[in-house]
Amino acid sequence: MEKIFNFEDRLVRFAGECIFFTRQLERLFENEYYKNQLIRSSGSASLNFGEAQGTITDKDFIFKVSLVVKELKESRNSLKILDYIKEGDSDKRSKLLIEVEQLVAISSKMIINKK
């Protein structure tokens, strides 16, 4: 994946890449469950960051970015479960897991810097 330095763009790409990844999963009950969770949580992280950019106070910004962290951690957990059961393309799963770790670290640092 090409390096993107804009955090919002990285979140958008992460959500999109999660959708691309889930489209390739076999249609099994358990895959559908984690696929839906991953799509919702990765998209929610991106949307919440969009809201965070429109906040007026540091407290509101911290709250919204905290939601971003929460959703990213949920995405990470879904990816870890899919990794554990070896569903989907292993290379793609690995790249998504690396990216979500970096996104969690960046968003957590944003919160620390605002405090």
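The values are calculated or read from the model by the stated rules, or taken from the named source; none is laboratory data. Since the model is a prediction, treat every value here as computed from it, not as a measurement. So basically every Cβ, Gly included, is an ideal-geometry build from the backbone, and we count neighbours across all protein chains shown. Quick note on the areas: whole protein, heavy atoms, side chains included, nothing else; ligands and nucleic acids left out. Shrake-Rupley method; radii C 1.70, N 1.55, O 1.52, S 1.80 Å.
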Averaged over all directions, how much area does the convex hull of the C-alpha atoms of the stretch 37-104 cover when projected, in nm²? 4.3 nm²
Rounded percent of accessible protein surface that carbon and sulfur make up, the stretch 27-115, 1.4 Å probe: 55 percent
Helix 7-23 sits off the longest principal axis of the Cα atoms of the chain, rounded to the nearest 10 on a 0 to 90 degree scale, by 20 degrees
Whole-percent tail of the Cα-Cα distance distribution for the stretch 14-54, cut at 15 Å, equals 42 percent
Go ahead and collect, in residue order, the members of the stretch 31-63 whose backbone nitrogen is under 18 Å from a label point 7 Å along the Cα-Cβ direction of F7. 42-63
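Kindly provide the helix-only [θ] at 222 nm of the chain, computed as the sum of -39,500 (n - 2.57) over DSSP H runs of four or more divided by all residues, to the nearest 500 deg cm²/dmol?
On the way: 4 runs with 93 residues, N = 115.
Taking each H run of at least 4 residues, the total per residue is -28500 deg cm²/dmol.
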By how many degrees, 0 to 90 and rounded to 10, does the Cα axis of helix 58-84 deviate from the longest principal axis of the chain? 10 degrees
Given the chain, what count of lysine pairs have C-alpha atoms under 20 Å apart, with each pair 8 or more places apart or on different chains? 29
Cα axis of helix 29-52 to longest principal axis of the chain: angle in degrees, 0 to 90, nearest 10? 20 degrees
Calculated Rg and Dmax of the chain using C-alpha coordinates, Å: 14.3, 45
